[in-house]
Amino acid sequence: MSQSTCSKANQPAERMVPGALAALKRQETLLAEIERVSSTGGFCWHPATGKMTCTDQVYRIFELDAAVPLTLPLMGSRIHPEDLALLDDMLERASAQASGFEYQLRLRSEGVKYLLLSARRSEAADDQPSYIGAIQDVTRSRQSEEALGKVRSELSRLARVSTLGALTASIAHEVNQPLAGIMTNASTCLELLGSDPPDLDAARETALRTIRDSERACEVIARLRALFGKRSDKTESVDLNGAAREVIALSLSELHRRGVILRTELADNLPLIAGDRVQLQQVILNLLLNAAEAMSQIEDRPRQVLIRTELEESDQARLTVQDTGVGFEPQEAQRLFEAFYTTKSGGMGIGLSVSRSIVESHGGRLWAELNAGPGATFTFSVPTHGNTGDAQSRCGAHVIASSEPLTGPA
Amino acid sequence: MMTNATLVAIVDDDESMRRSLPELVRKFGFSVRTFTTAEQFLASDCVDRTKCLILDVAMPGMSGPDLQRELSRRGQKIPIVFITGQTDQDLRQQLLAEGAVECLFKPFSAAALREALNTALGVS
């Protein structure tokens, strides 16, 4: 029988009083039912002997015949080839007598099946440690998470499109400037060539200026493509100052058009952060445009935005966007970040909500405060490269937690 | 060009405009001074001598329309040709209503600029 426990030997059933035996049977049936309902099976593993005992539910999860004793190699034959290394890792941890471990594994199944395996060390009778744990089929919750992730990234794309819409005039302005230079230079060049005698040196100079303006137009397009083009999410080392400068370059004329004066205080030697550069730029752009929007009706004081970056003591990189706008009601502070909550007539109310989810997916925080004077300050902080270990486990490595540190220095 | 040629001042924060426009305007036979900001122009000795102002709309600090209002407040009747990267017809109508001679959307042709300058200076 596969059902067994791992602690000291059970009392022989025949020595039990009949009532107790019946009660034990009832409990066993109940436990088996609970395991079935929760898609969770229990197991006990003795690394020294390789002996493994488990409940029927584990066999069902692994789609194995309950008549064949379960071994680690047999488990391995069912595990997705890309996740086999995790079994080796488990063996290593066990031989180092780790106090516990937790893995997310995939099975070779018709569809992919996701399992969560977690175990704790337990001292057995012979003083050899064994591990008692549970294996849960988490395929359904994984599928929901993936569906949620898709919705989230669609929402983020929508937010990008609506930001793009808000920037249309600014972008046209950015492109029209060098185009105007190109047309003026070309006209001047023709005038210079047409004069008698032709002024070739000056004509050459205007041709060179035309090239420079064309290059400038290309740079604008390149920035746009980087920020709004089709792309896949990726993690890289991001220089927050550089990312902020690019956003500022794209939105400067929009800010000028709205009569906004922009100041920057970017910290020197800000450490790199691990993350998605474009997503973070979207957050910065969103905060910047919100700030400009909040000041659109302000006439009695300068419309000023301050973008500041700094390093917090806890090795978090922080970016603040401070405006002199209308601010918000104190009781609104939390609602601001709810999806579809907006105080703007033309807004969709997804900008701040998406921004917060982007920052949180970087292991950071985004919050709003009222200034001592007029206006509001929006701040986000994200871990710098010092914490790459956290960043890696967050970004999809299969080892998701452990009772012992996963990596070396934090 | 003669030093006493008609003075046209250009105010634009955009560098490629400040580099390309003066030469073209000189080719039209005018004398040219350029300024990066409206404040610089107001502080210069050119205000009284400028016969036509080529003025950008969106600039940091004092905007083109701000300068237009300030000049009118001072009683300076300098004809203004606005140039802007913002293709906004409402804005154009508003600027013309406030007395601007023309408002050209960037990029504009040399012919359009020449015509606007001629209108501003009453040359047919």
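The values are calculated or read from the model by the stated rules, or taken from the named source; none is laboratory data. All figures in this text were calculated on a predicted structure; none of them were measured in a lab. All Cβ positions, glycine included, derive from the backbone under ideal geometry; neighbour counts span all protein chains shown.
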Determine if the range A:216-225 includes at least one residue that is of a type in the set (A, V, I, L, M), buried (at least 18 other Cβ atoms within 10 Å of the Cβ) and either touching a Lys or Arg at 6+ places or on another chain (Cβ under 8 Å) or assigned by TED's automatic domain parsing to the domain that holds residue A:311 (or both). no
Quick check: is even one residue across the range B:81-90 farther than 29 Å from residue A:202 by Cα and away from chain A (no Cβ under 14 Å)? no
Looking only at the range A:5-44, count every residue that is at pLDDT below 90 and under 17 Å from residue A:123 (Cα atoms) and tell me the total. 6
How many residues does the range A:181-194 contain that are within 8 Å of chain B (Cβ to nearest Cβ) and over 17 Å from residue B:107 (Cβ atoms)? 1
Can you name the residue in the range A:110-135 that is more than 28 Å from the chain's Cα centre (by Cα) and part of a loop (DSSP other than H, G, I, E, B) and is also farthest from residue A:43 (Cα to Cα) among such residues? A:110
Any residue in the range B:64-72 that is farther than 21 Å from residue A:182 by Cβ, not in a helix (DSSP H, G or I) and not hydroxyl-bearing (Ser, Thr, Tyr)? no
Can you tell which of A:322, A:297 is over 21 Å from residue A:223 (Cα atoms), in a loop (DSSP other than H, G, I, E, B) and in the same structural domain as residue A:238 (by TED's automatic domain parsing)? A:297
One residue is enough: does the range A:273-288 have a residue meeting the conditions out of contact with any helix residue (DSSP H, G or I) (no Cβ under 7 Å at 6 or more places or on another chain), more than 29 Å from residue B:56 (Cβ to Cβ) and in the same structural domain as residue A:361 (by TED's automatic domain parsing)? yes
Out of all the residues in the range B:31-44, is one or more more than 16 Å from residue B:70 (Cα to Cα), outside any loop (DSSP other than H, G, I, E, B), within 13 Å of chain A (Cβ to nearest Cβ) and touching a Ser or Thr at 6+ places or on another chain (Cβ under 8 Å)? no
Picking from A:156, A:144, A:162, which residue would you name as being modelled with pLDDT under 90, within 30 Å of residue A:84 (Cα to Cα) and either part of a helix (DSSP H, G or I) or facing another protein chain (nearest Cβ under 10 Å) (or both)? A:144
Output the number of the condition that residue B:9 fails; it satisfies all remaining conditions of (1) at the interface with chain A (Cβ under 9 Å from one of its Cβ atoms); (2) closer than 29 Å to residue A:189 by Cα; (3) small (Gly, Ala, Ser). (1)
Over the range A:259-271, the set of residues more than 9 Å from every other protein chain (Cβ to nearest Cβ) and either charged (D, E, K, R) or at positive phi (or both) is A:263, A:265, A:268, A:269
So which residues in the range B:14-27 are in contact (Cβ under 8 Å) with a residue 12 or more places away in the chain and buried (at least 18 other Cβ atoms within 10 Å of the Cβ)? B:14, B:17, B:21, B:22, B:24, B:25
The one condition residue A:372 fails out of (1) surrounded by 14 or more Cβ atoms within 10 Å (Cβ to Cβ); (2) at pLDDT 90 or above is (1)
Picked from the range B:108-124 (must be surrounded by 18 or more Cβ atoms within 10 Å (Cβ to Cβ) and either in contact (Cβ under 8 Å) with a residue 60 or more places away in the chain or at the interface with chain A (Cβ under 9 Å from one of its Cβ atoms) (or both)), the residue farthest from residue B:49 (Cα to Cα) is B:108
